[in-house]
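Input: a single structure, listed below in structure tokens.
The values are calculated or read from the model by the stated rules, or taken from the named source; none is laboratory data. For clarity, every value in this text was computed on a predicted model and none was experimentally measured. Cβ coordinates were reconstructed from backbone atoms using ideal geometry, including for glycine residues, and neighbour counts include every protein chain displayed. Quick note on the areas: whole protein, heavy atoms, side chains included, nothing else; ligands and nucleic acids left out. Shrake-Rupley method; radii C 1.70, N 1.55, O 1.52, S 1.80 Å.
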Amino acid sequence: MTGLPFDLPGRFWRGNLHTHSDRSDGALSPADTAAVYREAGYDFVAITDHFRPEYGFPMTDSRELRSDGFTTLIGAELHAPRTEAGQEWHIIAAGLPLDFAPPTATETGPELARRARAAGAFIGMAHPAASLLTAIDAESLDAAHSVEVYNALADRENRGDSWHLTDVLLNRGHRFTTYAADDAHLQPQDPPPCQAWVHVRAETLEPDALLAALKAGHFYSSTGPELYDVRVEADVVVVRCSPATKILLSGGHPGAEVAQGTDLTECSLPLELFRGLHCRITIEDATGGRAWTNPIHLPPGPVDNSGR
């Protein structure tokens, strides 16, 4: 009922959904970019070069970079006018066909996103805080599956976190999921790569299985800690995780439930504050790393898990 992936078949696969190579404004070739993630222990990467005319509208073909234990998603960062702040849209599309057509002269960002979703892609609203997106902007992007709630590159300008806008959208009834990503360009002045990622629950590492799991919301996001299990049991949420200093339940209502300590690995938190709303678990470790569940949508009364 709550959409949590922890008891689903398969396992978690670690990947980055927002990455650039020298096909657009990244520093490294697609092969070298993928190698950075493969050698860091990732299971997959989406190379999402800027789909702009100055780069020849690249759809980076990363199929030859796949190997045993490592795969890629073909995609791009799509752009079209315009947002309320006067800037172009930044839209992550993972799982695009290689022959996806460039935007027309009159195509808007929301229209482009709808066309990409119809072509089979997982659609992410890239770095809303860094793009100064408003709620009006975000609600117009009706093809989005997910909001990029943490962007490691944008964090250098203190605009990496987009949870506030996401909570506003969720409170208005939108059912977006949420993901974290590097936005890696691997330029010398950039933060180091491998700072933010998703753990996707799927039975295999095949691209189609990963895309289906992403679209279904079967993942969680992290900048370090691991979530082993999160489950709703009647009037509480039960969490098991890697050692944490804080386990936080927050969401669609001001306020939160918090457990704090040293090397916390499990706790139960009451759900009463969020009945009939959305909530999420955030854990934070001693280094400041965080992990987040996707939004959990609760009915007004206790959850009946008898049909699990």
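Write down the percent of antiparallel bridges among all DSSP beta bridges whose residues are both part of the range 16-138, to the nearest 5.
Given both bridge residues lie in the range 16-138, the antiparallel proportion sits at roughly 55 percent.
Provide the packing ranking of 16-25, 204-213, i.e. peptides ordered by the mean count of other C-beta atoms within 10 Å per residue, highest first.
Top to bottom by mean Cβ count within 10 Å: 16-25, 204-213.
Can you tell me the order of 47-56, 188-197 when each peptide is scored by its average per-residue count of other Cβ atoms within 10 angstrom, highest first?
47-56, 188-197
Can you list residues whose amide H is under 5 Å from Val237's amide H, if they're 5+ apart or on another chain and H is modeled 1.01 Å from N?
Here Leu269, Leu271 satisfy the definition.
Mind putting a number on the dipole of the chain about its Cα centre? Charges go on the C-beta only, +1 for Lys and Arg and -1 for Asp and Glu, and I need it in Debye to the nearest 20.
With Lys and Arg at +1 and Asp and Glu at -1, about 540 debye.
Please name whichever of Pro103, Asn158, Gln195 sits farthest to the positive end of the charge dipole of the range 67-198, dipole taken about the Cα centre and charges placed at Cβ: Lys and Arg +1, Asp and Glu -1.
Pro103
About the Cα centre, and with charges only on the beta carbon of Lys, Arg (+1) and Asp, Glu (-1), how big is the dipole of the range 157-308? Nearest 20 debye, please.
Computed charge dipole of the range 157-308: roughly 440 debye.
Amide H neighbours of Asp25 under 5 Å, at least 5 residues apart or on other chains, H built in the peptide plane: list them.
Placed amide hydrogens put His50 under 5 Å from Asp25.
Work out, step by step, the length gained on full extension between Ala40 and Asp208: first 0.36 nm times the residue separation, then minus their alpha carbon distance; give nm to one decimal.
Gain on extension, Ala40 to Asp208, equals 58.2 nm.
For the range 219-234, what does the Karplus curve 6.51 cos²θ - 1.76 cosθ + 1.60, with θ = phi - 60°, yield as ³J(HN,Hα) per residue in whole Hz, taken in order and with x for Gly and Pro?
Computed from phi, the couplings for the range 219-234 are 7, 9, 10, 7, 10, x, x, 10, 9, 8, 7, 9, 9, 9, 10, 6 Hz.
Go ahead and estimate [θ] at 222 nm for the chain from helices alone: -39,500 (n - 2.57) per DSSP H run with n ≥ 4, summed, over the residue count, rounded to 500.
-4000 deg cm²/dmol
Please say if the range 116-256 is rounded, prolate or oblate, where rounded means a/c under 1.5 for a ≥ b ≥ c the square roots of the C-alpha gyration tensor eigenvalues, and otherwise the choice is prolate for a/b larger than b/c and oblate otherwise?
Rounded is the answer for the range 116-256, as its axis ratio a/c remains below 1.5.
Given a 1.4 Å probe and the protein chains all in place, what does the accessible area of Arg114 round to, in Å² to the nearest 10?
100 Å²
Roughly how many whole Å is it from the C-alpha centroid of the range 206-273 to that of the range 77-97?
30 Å
Report, to one decimal in Å, the Kirkwood hydrodynamic radius for the range 1-138 based on all distinct Cα pairs.
Hydrodynamic radius (Kirkwood, Cα pairs) of the range 1-138 is 15.9 Å.
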